[in-house]
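The values are calculated or read from the model by the stated rules, or taken from the named source; none is laboratory data. Quick caveat: nothing in here was measured; it's all calculated off a predicted structure. Cβ sites come from the backbone with ideal geometry, for glycine too, and all protein chains shown count toward neighbours. For the accessible areas, the whole protein counts, side chains as well, though only heavy atoms, and no ligand, DNA or RNA atoms are used. Shrake-Rupley method; radii C 1.70, N 1.55, O 1.52, S 1.80 Å.
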Amino acid sequence: MAAFMRKSLTGLVSSGSRCLSVSAPRHAKVSVLGAAGGIGQPLSLLLKQSTLISELSLYDVANTVGVAADLSHIESAAQVKGYVGESQLEECLKGSNIVIIPAGVPRKPGMTRDDLFNINAGIAKALADAASKVCPEAMMCIISNPVNSTVPIASEVYKANGVFDPRRLFGVTTLDVVRANTFISELKGTPVTQTQCPVIGGHAGVTILPLLSQVEPSCTFGDEERAALTTRIQNAGTEVVEAKAGGGSATLSMAYAGARFAFALLQAMNGAKNVVECSYVESDVTDMQFFSTPLLLGPNGVEQNLGMGTLIDFEQEALEKMKPELTGSIEKGIKFANQ
């Protein structure tokens, strides 16, 4: 399996303009839907620094104009504009090359990702419908939870509007990779910026499967150690929710992960080679319709699905264990989209 193209976020921001092709959108318009929220604000701050973004378009139901004004004072090239409310959504989306959706309500203590479904599914459906009509060729990056269901919802919306391209629809699962890399580095003493762990499956609980057997640089894990670390990665979101004690969910680390994925996508769109990130996409790697694996990214989105490689017995058992939950989440999203 191809190794991840790993750089620090600073490196991705500063070096993004070096690998360009003539036909790719060097000066991209990126729209963030849900830009005034806990993820949207720090995500927009990070995006504002990219040399590959010329226009940063921020949308939310309230407070976006103030967020845009604040960001517009930063000494970077991207022009920022805020849009508020449904009547301004179309204008926000016009000409977008990438659309990122962190919109939705955050998870609170005692709340599962499934508890978020009814509210966030409706938000994801409405925003996907707008984007599919206004900027159907834009890369669509969905952060809104539950990702296991919101991505299938978006796919059904795009299909209904006759513009679905599976290469351009992504569920952003990068935070699972970021957490895995960080926790492995802490446990094994590997350099965190060089630690690479593919994470496959979905983006909730047991559907998150870090492939610890494929970590680079190679690490050895005992059976108990492997099981404990896998569980920690799967439950890391709950760890943050409980630590914040009612004050929110994982917003800052999610913003970092969302920006990392967006910067990687921008580089690939601009001709950079060997850009690999894990993401939850429509897939034929397993018998589940949507599945996260390492993807080789290119100018048109997914260039090649790199699959999941050879799994050890522990990972194969975990893959089988996730199937009922992930399949159910996918089916729930598809049903919601078509009702």
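Looking at the structure I just gave you, is Val163 open to solvent by less than 10 Å² (accessible area, probe 1.4 Å), of a type in the set (A, V, I, L, M, F, W, C) and in contact (Cβ under 8 Å) with a residue 24 or more places away in the chain? Here the answer is no, as Val163 does not meet what is asked.
Counting only residues that are of a type in the set (Gly, Ala, Ser) and either open to solvent by less than 30 Å² (accessible area, probe 1.4 Å) or without any contact (Cβ under 8 Å) to a residue 12 or more places away in the chain (or both), the stretch 302-317 holds 1 of them. Being assigned to a helix (DSSP H, G or I) and more than 30 Å from Glu325 (Cα to Cα) holds for only one residue in Glu90, Glu75, and it is Glu90.
Residues of the stretch 282-322 that are part of a helix (DSSP H, G or I), touching a helix residue (DSSP H, G or I) at 6+ places or on another chain (Cβ under 9 Å) and of a type in the set (D, E, K, R): Glu315, Lys321.
Please name all residue pairs, on different chains or six or more residues apart, with Cβ atoms under 8 Å, provided the first residue is in the stretch 48-67 and is on the phi > 0 side of the Ramachandran plot and the second residue is in a loop (DSSP other than H, G, I, E, B) and open to solvent by less than 40 Å² (accessible area, probe 1.4 Å). Pairs that qualify, where the first residue is on the phi > 0 side of the Ramachandran plot and the partner is in a loop (DSSP other than H, G, I, E, B) and open to solvent by less than 40 Å² (accessible area, probe 1.4 Å), are Asn63/Ala36.
No other residue among Ile200, Ile142 is among the β-branched types (Val, Ile, Thr), modelled with pLDDT of 95 or more and under 19 Å from Glu325 (Cα atoms) apart from Ile200.
Restricting to the stretch 273-287, what's the tally of residues that are open to solvent by 10 Å² or more (accessible area, probe 1.4 Å) and among the aliphatic types (A, V, I, L, M)?
First, pick out the residues of the stretch 273-287 that are open to solvent by 10 Å² or more (accessible area, probe 1.4 Å): 273-274, 282-287.
Right, trim to among the aliphatic types (A, V, I, L, M) and you get 285.
Residues in the stretch 273-287 being open to solvent by 10 Å² or more (accessible area, probe 1.4 Å) and among the aliphatic types (A, V, I, L, M): 1 in total.
Tell me yes or no: at least one residue of the stretch 248-260 is free of Cβ contacts under 8 Å to residues at least 60 places away in the same chain, open to solvent by 10 Å² or more (accessible area, probe 1.4 Å) and more than 16 Å from Asp176 (Cβ to Cβ). Scanning the stretch 248-260, I find no residue that is free of Cβ contacts under 8 Å to residues at least 60 places away in the same chain, open to solvent by 10 Å² or more (accessible area, probe 1.4 Å) and more than 16 Å from Asp176 (Cβ to Cβ), so the answer is no.
Would you confirm, using the coordinates I've provided, whether Ala103 is modelled with pLDDT under 95, under 19 Å from Val32 (Cβ atoms) and touching a strand residue (DSSP E or B) at 6+ places or on another chain (Cβ under 9 Å)? Quick ask: steps written out before the conclusion?
Working: modelled with pLDDT under 95: no; under 19 Å from Val32 (Cβ atoms): yes; touching a strand residue (DSSP E or B) at 6+ places or on another chain (Cβ under 9 Å): yes.
No; evaluated as a whole, the condition is false for this residue.
Output the residues belonging to the stretch 289-298 that are surrounded by fewer than 22 Cβ atoms within 10 Å (Cβ to Cβ) and either more than 18 Å from the chain's Cα centre (by Cα) or of a type in the set (A, V, I, L, M, F, W, C) (or both). Across the stretch 289-298, the qualifying residue is only Leu296.
Which of the following residues is in contact (Cβ under 8 Å) with a residue 24 or more places away in the chain, under 21 Å from Glu315 (Cβ atoms), of a type in the set (Phe, Trp, Tyr) and open to solvent by 10 Å² or more (accessible area, probe 1.4 Å): Phe183, Phe221?
Phe183
For residues that are out of contact with any Cys (no Cβ under 7 Å at 6 or more places or on another chain) and not in a helix (DSSP H, G or I), scanning just the stretch 201-211, find the one that is nearest to Thr238 (Cα to Cα). First the steps, then the outcome.
Taking the stretch 201-211 first, the residues out of contact with any Cys (no Cβ under 7 Å at 6 or more places or on another chain) are 201-209.
Then keep just the ones that are not in a helix (DSSP H, G or I); that gives 201-204, 208-209.
Working: Gly201: 18, Gly202: 16, His203: 13, Ala204: 10, Ile208: 13, Leu209: 16 Å.
Ranking the candidates gives Ala204 first.
Checked against the criterion of being at pLDDT below 95 and surrounded by fewer than 20 Cβ atoms within 10 Å (Cβ to Cβ), the candidates Ala24, Ala2 yield just one match: Ala2.
Filtering the stretch 241-255 to residues that are at pLDDT 90 or above, closer than 19 Å to Ala103 by Cα and either in contact with an Asp or Glu (Cβ under 8 Å, 6 or more places away or on another chain) or in a helix (DSSP H, G or I) (or both) leaves Leu252, Ser253, Met254, Ala255.
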